[in-house]
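The values are calculated or read from the model by the stated rules, or taken from the named source; none is laboratory data. All values reported here derive from a predicted model rather than from experimental measurement. Counting neighbours? That spans all protein chains shown, and the Cβs are built from the backbone with ideal geometry, glycine included. Surface accessibility is based on the protein's heavy atoms, side chains included, excluding ligands, DNA and RNA. Shrake-Rupley method; radii C 1.70, N 1.55, O 1.52, S 1.80 Å.
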Amino acid sequence: MKLISQASPSCSVPTEITRCRTGQNVAFGSFNSIGASKLKETFVGFSSLSCNSNKMPMVSSSECSWVRNRRGNLMTVAASPPTEDAVIATEPLTKEDLVAYLASGCKPKENWRIGTEHEKFGFELGTLNPMKYEQIAELLNGIAERFDWEKVMEGEYIIGLKQGKQSISLEPGGQFELSGAPLETLHQTCAEVNSHLYQVKAVTEEMGIGFLGIGFQPKWKIKDIPVMPKGRYEIMRNYMPKVGSLGLDMMFRTCTVQVNLDFSSEADMIRKFRAGLALQPIATALFANSPFTEGKPNGYLSMRSQIWTDTDNNRTGMLPFVFDDSFGFEQYVDYALDVPMYFVYRKKKYIDCTGMTFRDFLDGKLPSIPGEFPTLNDWENHLTTIFPEVRLKRYLEMRGADGGPWRRLCALPAFWVGLLYDEISLQSVLDLTADWTAGERQMLRNKVTKTGLKTPFRDGLLRHVAEDVVKLAKDGLERRGFKEVGFLNEVAEVVRTGVTPAEKLLELYNGKWGQSVDPVFEELLY
């Protein structure tokens, strides 16, 4: 996943450029307590991003981020995992360093950005069968050659693309994901999505390939779906059945859209985290779009969301501790330290570390790499393997929505930006949800997957709360002043009618589709 939050523009200027053993230029600042000896990553270069570009040394332009340690000194950490270690550590990382890594995401409001990610299923137009890896490789190579993207390789396999701050990657079953650049307005976000879909279509039209915007694969069985040649997915595929019954469904048959948003301080992060968690079931209902499994209705409006309830409870859920008075960066680090690991990346290979925790790693007690200590890049990788309804990295990820067609890809960031990037709307959400209990939040999380906006809540239906919330989002967008309110139209229509996208699909299935799911591939074709 692409990082959208970089350090604030007040970051200090690196004082020295040296050369790591890979031959790349590396910038070092003043490290003091952590020290240059404790620098942990391969740094293959720096992009200016929100740092003051006219003060940055001239180095190569791939992804990198600035991180402040607990005493305000500058460290650097690669932002495009996995990478190789370039500097040998002599001092292990501490928990304080991991807390500082999260805190380094704080940035002033004028530097807040919007990062949108979406996944989609590729299929053969003639057969409705899934794309094979060979077809995906042809597509990736075609986009790279026509539209000037840089190829991302794992061994001999092409597994993704990069262009500036955008990236294209593959989920385990070949789901095609765009991780968008950090952008200022929803107009830019929607233009980015439009450009991406145009580029994809320009190549796939010649291949007889289409893409489906839906939250759960409506037709294919897991055994029909090719496995992508990425080492981390092999480890996950072996581990998932040990910790839940639906983990393989999550890997191979789900698609989501999510938005990544910034915070200005620890207190701002806490407020946004709580608002996001409380309202995530409403987002799930509004964007519910996965009512079919293997050709038939599955009894859910959001099967994708339901799958997360039995994937791996050690790394998913509504995180009730976020509402504790003591919550902050440190408490999230404590949580993440005890989430079982998947892997460590060393010498261009993924090493299976399932069943062990990052806390063990911090102590140098991983049996698979005895005596080794983690790098900040290991920590960044580990944070990407935690899957709660809202996830904290150096920004917050809103993760509760099903994949869908183009207009809804623009509506999700509009919904959350209107609520969380406007102080009045954010405070109104916190006031609205202040007396919701942990039990009520969990009840909503559990029930919206089946009943959507018709879920009973207190003395009414969730739809009535959703109407108020969408109004707050609209007001927040209006106060931003970028004329972005129109992007909420898709969501506004759902709350006006009380009918979710999934319910519309079920109506078509039971009506003019003659109880066949095949027409959904045309209905939701990008």
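Quick notes
- For segment 404-423, filtering for residues that are part of a helix (DSSP H, G or I) and either farther than 25 Å from Pro108 by Cβ or under 18 Å from the mean Cα position of the chain (by Cα) (or both) leaves 13.
- Selection status of Lys447, farther than 15 Å from Asn289 by Cβ and not in a helix (DSSP H, G or I): no
- When segment 332-346 is filtered for residues that are open to solvent by less than 10 Å² (accessible area, probe 1.4 Å), outside any helix (DSSP H, G or I) and of a type in the set (Ser, Thr, Tyr), only Tyr342 remains.
- So Arg458, is it at positive phi, at pLDDT 95 or above and open to solvent by 70 Å² or more (accessible area, probe 1.4 Å): yes
- Contact annotation: no residue pair with Cβ atoms under 8 Å, 6 or more positions apart or on different chains, pairs a residue in segment 436-450 that is under 16 Å from Val390 (Cα atoms) with a partner that is aromatic (Phe, Trp, Tyr) and surrounded by fewer than 16 Cβ atoms within 10 Å (Cβ to Cβ).
A quick yes/no check of all residues on (1) open to solvent by 10 Å² or more (accessible area, probe 1.4 Å); (2) modelled with pLDDT under 95; (3) assigned to a helix (DSSP H, G or I); (4) of a type outside the set (Phe, Trp, Tyr):
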site: Val257; (1), (2), (3), (4): no, no, no, yes
site: Phe263; (1), (2), (3), (4): no, no, no, no
site: Phe273; (1), (2), (3), (4): no, no, yes, no
site: Ala278; (1), (2), (3), (4): no, no, yes, yes
site: Ala283; (1), (2), (3), (4): no, no, yes, yes
site: Trp308; (1), (2), (3), (4): yes, no, yes, no
site: Glu330; (1), (2), (3), (4): yes, no, yes, yes
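- Those strands (runs of 3 or more DSSP E) lying entirely in segment 347-402 with at least 1 residues in contact with a strand residue (DSSP E or B) (Cβ under 8 Å, 6 or more places away or on another chain), under 30 Å from Met303 (Cα atoms) and open to solvent by 20 Å² or more (accessible area, probe 1.4 Å): 349-352, 396-402
- Candidate set from segment 159-176 (those that are surrounded by 20 or more Cβ atoms within 10 Å (Cβ to Cβ) and in contact with a Gly (Cβ under 9 Å, 6 or more places away or on another chain)); member that is farthest from Gly403 (Cα to Cα): Lys165
- Search result, residues across segment 285-306 that are open to solvent by less than 30 Å² (accessible area, probe 1.4 Å) and either on the phi > 0 side of the Ramachandran plot or part of a loop (DSSP other than H, G, I, E, B) (or both): Phe287, Ala288, Asn289, Pro291, Gly295, Leu301
- Strands (runs of 3 or more DSSP E) completely within segment 98-201 that count 1 or more residues being closer than 28 Å to Glu523 by Cα: 114-124, 157-163, 166-170, 176-179
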